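Notes follow once the structure below has been shown.
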Amino acid sequence: MLAVANQKGGVGKTTTVMNMAAELVGLGAKALIIDVDPQGSASTGLGIDADRRKPAIHNVLSGECSLQEAAIESSFPGLHIVPATMQLVSADLEMASSRNSLHFLSEALSGSQSWTEKFHFIIIDCPPSLNLLTLNAIVAARNVLVPVQAEFYALEGLSQLTDTIQTLRQSISGRIHIEGVLITMIDRRNRLGRLVEENARKRFGKHVYQATIPRNVRLGEAPSHGMPMIVYDSKSKGRLAYLALAREILGNA
């Protein structure tokens, strides 16, 4: 299980969730996306219209239904998603008043364990902040994939997330670690991009994926059509980069 998280927005987090999951399914794995971002971008990007998001993840967290009851098949056959709506904002506020505030998603997963066990990968799309929804995702997954944009302040944000993970480890007395760091939006013609990648590999070593995601216009277009790149443009550089990432993940599994 992977929580895809970075408190900084615009780093390709949701793009990574959608396309990595679709590529894993394309390679024969079974994958489930859990969208815990109130913006619901992963849900929209996979063709889930607002009127189909009933029930959604906020209903799961409030105990109104199970994960299985909220899950629906996305626009890419075989890829399922538990969608999100803006009502998730109220769930975040409700969790804050509970002593069990970090474990709502963990308990939802435990309650549907016999169903979730059929998936090889469960991938959680987090909001672009370190709020309770993100913390719930990290605690539930215990493994974090961090997309890092190839820009000047990228590693500073990664350090903040690393500190948060260390605090969570102490709070729950459990194993949580960074599964991988993914360099996104890189243009190797740009010296800064090359330098960010070099520094990330020096600092995090084998945890930085060999696959990197280039700046690619088609990656930005695909979500507006409600489909992942494997369907929208299977020959684009962006799609081939996520295929390489999925193969790397499967090779490390």
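Each label was represented as a point 7 Å from its Cα along the Cα-to-Cβ direction; for residue 152 and residue 225 these points are 3.6 nm apart.
Taking all Cα pairs closer than 8 Å and separated by 6 or more residues, the relative contact order of region 163-244 comes to 25 percent. For the pair residue 54 and residue 97, label points projected 7 Å from Cα toward Cβ lie 2.5 nm apart. Placing unit charges on each Cβ (+1 for Lys and Arg, -1 for Asp and Glu) gives region 100-253 a dipole about its Cα centre, and among 219, 172, 111 the Cα reaching farthest toward its positive end belongs to 219.
Quick one: check the C-alpha center-to-center distance for region 135-187 versus region 20-42, whole angstrom. Going from one Cα centre to the other spans 19 Å.
For 227, 86, the ranking by accessible surface with the largest value first comes to 86, 227, using a 1.4 Å probe. Sequentially through region 161-169, phi angles give Karplus couplings (6.51, -1.76, 1.60; θ = phi - 60°) of 5, 4, 5, 5, 5, 5, 5, 5, 3 Hz, Gly and Pro residues having no value and appearing as x.
Protection proxy ranking, highest mean first, for peptides 235-244, 106-115: 235-244, 106-115, where packing is the per-residue count of other beta-carbon atoms within 10 Å, averaged. Straightening the chain between residue 160 and residue 201 buys 13.0 nm, computed as 0.36 nm per residue apart minus the Cα-Cα spacing.
Using DSSP, restrict attention to beta bridges with both residues in region 24-161 and report what percent are antiparallel, rounded to the nearest 5.
Details: 2 of 11 bridges.
Looking only at bridges with both residues in region 24-161, the antiparallel portion is about 20 percent.
Accessible area of the chain with a 1.4 Å probe: how many percent of it is carbon plus sulfur? Provide the component values of the computation, followed by the final result.
Details: 5570 of 11280 Å².
Carbon-and-sulfur percentage of accessible area, whole number: 49.
A helix-only calculation puts the chain at -13000 deg cm²/dmol for mean residue ellipticity at 222 nm, using -39500 (n - 2.57) for each DSSP H run of at least four residues, averaged over all residues.
Only Cα pairs under 8 Å and 6+ residues apart enter the sum, and on that basis the relative contact order of region 116-208 stands at 29 percent. Pairs over the 28 Å Cα-Cα cut-off, from the set 54/237; 54/235; 30/237: 54/237; 54/235. Sequence-distant contacts, meaning Cα pairs under 8 Å at least 6 residues apart, place the relative contact order of the chain at 27 percent.
Using a cut-off of 12 Å between beta-carbons, work out the net charge of the residues near residue 187 (Lys and Arg +1, Asp and Glu -1, residue 187 not included). Summing Lys/Arg as +1 and Asp/Glu as -1 gives +4.
Calculate, for region 88-188, the solvent-accessible area per residue in square angstrom, rolling a 1.4 angstrom probe over the heavy atoms of the protein chains. Before the final figure, lay out each step's value.
Working: 4430 Å² over 101 residues.
For region 88-188, the solvent-accessible area averages 44 Å² per residue.
In the set [x] 1.07; [y] 0.95; [z] 1.15, which value of Cα Rg over 2.2 N^0.38 Å was calculated from the structure you see? Correct label, based on the coordinates given: [y]. Once both labels are positioned 7 Å from their Cα atoms along Cα-to-Cβ, the gap between residue 194 and residue 237 label points is 1.5 nm. Backbone phi angles across region 236-251, fed through the Karplus curve with coefficients 6.51, -1.76 and 1.60 (θ = phi - 60°), yield HN-Hα couplings of 6, 4, x, 5, 5, 5, 6, 5, 5, 5, 4, 5, 5, 5, 5, x Hz in residue order; Gly and Pro are listed as x.
The values are calculated or read from the model by the stated rules, or taken from the named source; none is laboratory data. Small disclaimer: the values here were computed from a predicted structure and weren't measured. Please note: Cβ atoms are built from the backbone with ideal geometry, for glycine as well, and neighbour counts cover all protein chains shown. Note: areas computed on protein heavy atoms with side chains; ligands, DNA, RNA excluded. Shrake-Rupley method; radii C 1.70, N 1.55, O 1.52, S 1.80 Å.
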